[in-house]
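To start, the structure itself, in structure tokens.
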Amino acid sequence: MKVLIVEDDQFHGAYLQDALVEALPEVTEIIQFSDGAAGEDEARRGKIEAIVMDLQMDRRNGIEAARAIWSERPQTRILFWSNYADEAYLRGIAQIVPEDSAYGYILKTASRERLKLALRAVLIEGQIMVDREIHRLQKSSTSPRMRIDDSEFAVLVDLALGLQDKLIAERQGMSLRTVQNRLLSLYDKLGVDSELDEHIALNKRVRALNRALFTRTINIEILDAAQRDLEKWLAGRRT
């Protein structure tokens, strides 16, 4: 069994290799690349079906690389690991993972035993495993009432890309009134209508983007992927 590591930090890469050797005696070869683009090429060339993928990398981030890999080989098992418990990453992964595919998401701060458990669960047993610490951090950061649902998140991303309400409605298949209601809900949940805003005239759309970035509800990797999707959608709309 071959395993591909896509990790741009040498220390973390070596740590992963050691954990793989300990946890998966089935592994016959470990291949490592330091960026998403090279990892994507190797996964394609070597037809590798077991991958450990960092999320933040130069040239191509982990979500974009995984999307390309899964589009060609949906049975590929991918364990993502990251320094961040970003809601944006979980949403990004959920949007691209093929049905019935195995994947996992674990923090780099997880214990070695927890990492080894995740490696075996995802890469060997084909399970879905998201580190409980990620869920704990997300739950502690916001109350259930203030959590952004999927439709609100889609509107938020389109807002961040600079789309006006009518174009968001067209792109998301919503009515204009629905988009405007989603925006009002986002302003509330992101704390745009704060005491400061009542005394100073601020652009609520810009303020919402600022708050979303600050709270890591969205991040640069998600916006980069969303921009690519938008360009494809706009190209299809013109034809």
message = Using 0.36 nm times the number of residues separating Arg228 and Glu22, minus their current alpha carbon distance, what extension gain do you get?
response = 70.3 nm
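Please work out whether the stretch 13-60 counts as rounded, prolate or oblate from its C-alpha gyration tensor, where a ≥ b ≥ c are the square roots of the eigenvalues and a/c under 1.5 means rounded, while otherwise a/b larger than b/c means prolate and anything else oblate? Don't skip to the answer; put the middle values down first.
Details: a/c = 2.74, a/b = 1.43, b/c = 1.91.
Oblate, since a/c reaches 1.5 and b/c is not below a/b.
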inquiry  = If the only charges are +1 at each Lys and Arg Cβ and -1 at each Asp and Glu Cβ, what is the size of the charge dipole of the stretch 18-160 around the Cα centre, to the nearest 20 debye?
reply    = 340 debye
query = Give me the Kirkwood hydrodynamic radius of the chain in Å, from all C-alpha pairs, to one decimal place?
reply = 19.2 Å
message = With the cut-off at 26 Å, tell me which of the pairs Lys166/Lys232; Lys204/Lys232; Lys116/Lys189; Lys108/Lys204 have Cα atoms farther apart than that.
response = Lys204/Lys232; Lys116/Lys189; Lys108/Lys204
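Please state the charge dipole magnitude for the chain, taken about the Cα centre, from unit charges on C-beta atoms (+1 on K and R, -1 on D and E), reported in debye and rounded to the nearest 20.
Details: 34 positive and 39 negative charges, 126 e Å.
That gives a dipole near 600 debye.
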inquiry  = What is the ratio of the Cα radius of gyration of the stretch 1-124 to 2.2 N^0.38 Å, with N the residue count, to two decimals?
reply    = 0.93
ask   = What full-extension length gain, to one decimal in nm, is calculated for Ile124 and Glu72 as 0.36 nm per residue of separation minus the Cα-Cα distance?
value = 16.7 nm
remark   = Comparing Glu152, Glu22, Glu64 in a Gaussian network model of the chain (Cα, 10 Å), the one with the largest mean-square fluctuation is Glu22
inquiry  = Which one, Val21, Ala102, Ala43, is farthest towards the positive end of the dipole of the stretch 1-142 when Lys and Arg carry +1 and Asp and Glu -1 on their Cβ?
reply    = Ala102
task = Find the relative contact order for the chain and round it to a whole percent, using C-alpha pairs within less than 8 Å whose residues are 6+ positions apart.
result = 15 percent
ask   = Just how far, in whole angstrom, is the stretch 165-239 from the stretch 84-126 if you go by their alpha carbon centroids?
value = 27 Å
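How large, in percent, is the carbon and sulfur part of the accessible surface of the chain at a probe radius of 1.4 Å? Provide the component values of the computation, followed by the final result.
Values: 6000 of 12280 Å².
Heavy-atom surface of the chain belonging to carbon and sulfur, 1.4 Å probe: 49 percent.
Given a Förster distance of 45 Å, report the FRET efficiency between Asn203 and Tyr15 from their Cβ-Cβ distance, rounded to the nearest 0.05.
Values: r = 45 Å, r/R0 = 0.99.
Between Asn203 and Tyr15 the formula returns 0.50.
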ask   = Helix 176-189 versus the longest principal axis of the chain: what angle, 0 to 90°, nearest 10, using Cα atoms?
value = 70 degrees
request  = Send over a whole-number figure in Å² for the accessible area per residue of the stretch 175-239, probe 1.4 Å.
outcome  = 64 Å²
task = Compute log10 of I(q)/I(0) for the stretch 58-131 with the Debye formula, placing one identical point scatterer on every Cα and leaving out solvent, at q = 0.11 Å⁻¹, to two decimals.
result = -0.25
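The values are calculated or read from the model by the stated rules, or taken from the named source; none is laboratory data. Note that the coordinates shown come from a computational prediction; the quantities given were computed from them, not determined experimentally. Cβ atoms come from the backbone with ideal geometry, glycine included; neighbour counts cover every protein chain shown. Each accessible area value is taken on the protein alone, full model and side chains, heavy atoms only, with ligands, DNA and RNA left out. Shrake-Rupley method; radii C 1.70, N 1.55, O 1.52, S 1.80 Å.
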